[in-house]
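Trainee: Here's a structure for you.
The values are calculated or read from the model by the stated rules, or taken from the named source; none is laboratory data. This is a predicted model, so every value here is computed, not measured. Methodologically, a virtual Cβ is constructed for each residue, glycine included, from the backbone with ideal geometry; neighbour enumeration extends over all protein chains shown. To get the accessible areas, we keep the full protein, side chains included, count just its heavy atoms, and leave off ligands, DNA and RNA. Shrake-Rupley method; radii C 1.70, N 1.55, O 1.52, S 1.80 Å.
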Amino acid sequence: MKYLKPIFDFYLDSSIHVALSCFALINYTYLILNISINYSVALFAFFGTISAYNFVKFDALVRAKKNNLSWKLKAIAGLSFLSLFIGIYYFLELEKITKIIASSVLILTILYTLPFFPNKKNARNWAGFKIYIVVICWVSVTLFLPILNSGYKIHAEIAILILQRLLLIFSLILIFEIKDLKNDDPHLKTVPQQIGVKNTKKVGYFLLFMFYGLALLNSNLQFLELALNFTITVITGVFLFFSHENRSKYYTDFWVESTPIVLWLLCFFTK
């Protein structure tokens, strides 16, 4: 067991799990819209997520310890560079409009990580902006990329799906913000910092209620999709209910991050 823990920690710390979550949510989008899966989009997102997340997480740490990198950081750096090159390969396979969206997300990620102006903080440290930037990136990659790359026509049901995805991602991120409450800089003004954990959970429950309610407005919604929406609402609600600032990283980084994977697998095996 002691040999499995370092491997599992590397799996989480190197962002492979979060990349798998992104991959799953893209494939879920293809399934519910009955679009043929384009693996160039899915794999671009998978490898792009590994490199982007590791860049965000370890940029400052690596620059601060240039001459004292642990074997884990070196391995993660190697994996990130490899993923970057593979991601570029799949990026070249995308349609023009998809490349524009993907490039926009990349610019937002760089802005999120690096300060663009002297003596100014990066976007990650802009008060109150962190959660919105993450939501925009996730919705763009997991929803807009597969839809636009396939040439799928935008209609009313898609607008509902966009709103649902925004609400779901926002609700999930609230769980991470609750867990990070003790470590986040107070100047970040995250939702829990501003309104407290109890009220943050209330906001999350309300967003999940709206998420499920919007599904009922979709005239083309099938019973299976309604059941999937209900299931993911309950799962996310349970994670939110049991979240607090003393939770271990495994609670959020593995279990909560697995929510999109569960959603995709349920849809895959029942559709």
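Trainee: Please find, among Val203, Val256, Val234, the residue that is β-branched (Val, Ile, Thr) and over 24 Å from Ile136 (Cβ atoms).
Mentor: Exactly one residue qualifies, and that residue is Val234.
Trainee: Let me ask you something else. Given (1) in contact with a Gly (Cβ under 6 Å, 6 or more places away or on another chain); (2) modelled with pLDDT under 90, where does Glu157 come up short, assuming only one miss?
Mentor: Among (1) in contact with a Gly (Cβ under 6 Å, 6 or more places away or on another chain); (2) modelled with pLDDT under 90, the lone unmet condition for Glu157 is (1).
Trainee: Now for a separate question. Could you say whether any residue in segment 168-188 is without any contact (Cβ under 8 Å) to a residue 12 or more places away in the chain, open to solvent by 60 Å² or more (accessible area, probe 1.4 Å), within 20 Å of Val134 (Cα to Cα) and not polar (S, T, N, Q)?
Mentor: Yes - at least one qualifying residue is present in segment 168-188.
Trainee: For Phe230, state whether it is in a helix (DSSP H, G or I), out of contact with any Leu (no Cβ under 6 Å at 6 or more places or on another chain) and either among the hydroxyl-bearing types (Ser, Thr, Tyr) or surrounded by 13 or more Cβ atoms within 10 Å (Cβ to Cβ) (or both).
Mentor: Criteria not met by Phe230.
Trainee: Given Lys121, Lys74, Lys96, which one is on the phi < 0 side of the Ramachandran plot, surrounded by fewer than 20 Cβ atoms within 10 Å (Cβ to Cβ), among the basic types (Lys, Arg) and at pLDDT 90 or above?
Mentor: Lys96
Trainee: Consider segment 21-37. How many of its residues are surrounded by fewer than 20 Cβ atoms within 10 Å (Cβ to Cβ) and within 20 Å of Glu93 (Cα to Cα)?
Mentor: Residues in segment 21-37 being surrounded by fewer than 20 Cβ atoms within 10 Å (Cβ to Cβ) and within 20 Å of Glu93 (Cα to Cα): 3 in total.
Trainee: Pairs please, first residue from segment 86-104 and under 14 Å from Asn38 (Cβ atoms), second anywhere and among the charged types (D, E, K, R) and open to solvent by less than 100 Å² (accessible area, probe 1.4 Å), Cβ atoms under 6 Å, 6+ apart in sequence or on different chains.
Mentor: The qualifying pairs do not exist here.
Trainee: Follow-up. Go through Leu168, Leu172, Leu208 for me and flag whichever is touching a Gly at 6+ places or on another chain (Cβ under 6 Å) and modelled with pLDDT of 95 or more.
Mentor: Going through Leu168, Leu172, Leu208 in turn, just one is touching a Gly at 6+ places or on another chain (Cβ under 6 Å) and modelled with pLDDT of 95 or more: Leu208.
Trainee: Quick check on Phe55: is it open to solvent by 60 Å² or more (accessible area, probe 1.4 Å) and farther than 16 Å from Pro146 by Cα?
Mentor: yes
Trainee: Can you tell me which of (1) part of a helix (DSSP H, G or I); (2) surrounded by 14 or more Cβ atoms within 10 Å (Cβ to Cβ) is the one Lys198 doesn't meet?
Mentor: In the conditions (1) part of a helix (DSSP H, G or I); (2) surrounded by 14 or more Cβ atoms within 10 Å (Cβ to Cβ), Lys198 misses (2) alone.
Trainee: Mind checking whether some residue in segment 209-222 is more than 16 Å from the chain's Cα centre (by Cα), surrounded by fewer than 17 Cβ atoms within 10 Å (Cβ to Cβ), of a type in the set (S, T, N, Q) and under 21 Å from Val18 (Cβ atoms)?
Mentor: no
Trainee: Residue check: is Ala159 closer than 21 Å to Ile261 by Cα and either out of contact with any Ser or Thr (no Cβ under 6 Å at 6 or more places or on another chain) or of a type in the set (Ser, Thr, Tyr) (or both)?
Mentor: In short, no.
Trainee: Please give the number of the condition Lys202 fails out of (1) free of Cβ contacts under 8 Å to residues at least 40 places away in the same chain; (2) within 19 Å of the chain's Cα centre (by Cα).
Mentor: (2)
Trainee: Do we have any residue at all in segment 128-148 that's outside any helix (DSSP H, G or I) and either of a type outside the set (Asp, Glu) or at pLDDT below 75 (or both)?
Mentor: Looking through segment 128-148, at least one residue is outside any helix (DSSP H, G or I) and either of a type outside the set (Asp, Glu) or at pLDDT below 75 (or both).
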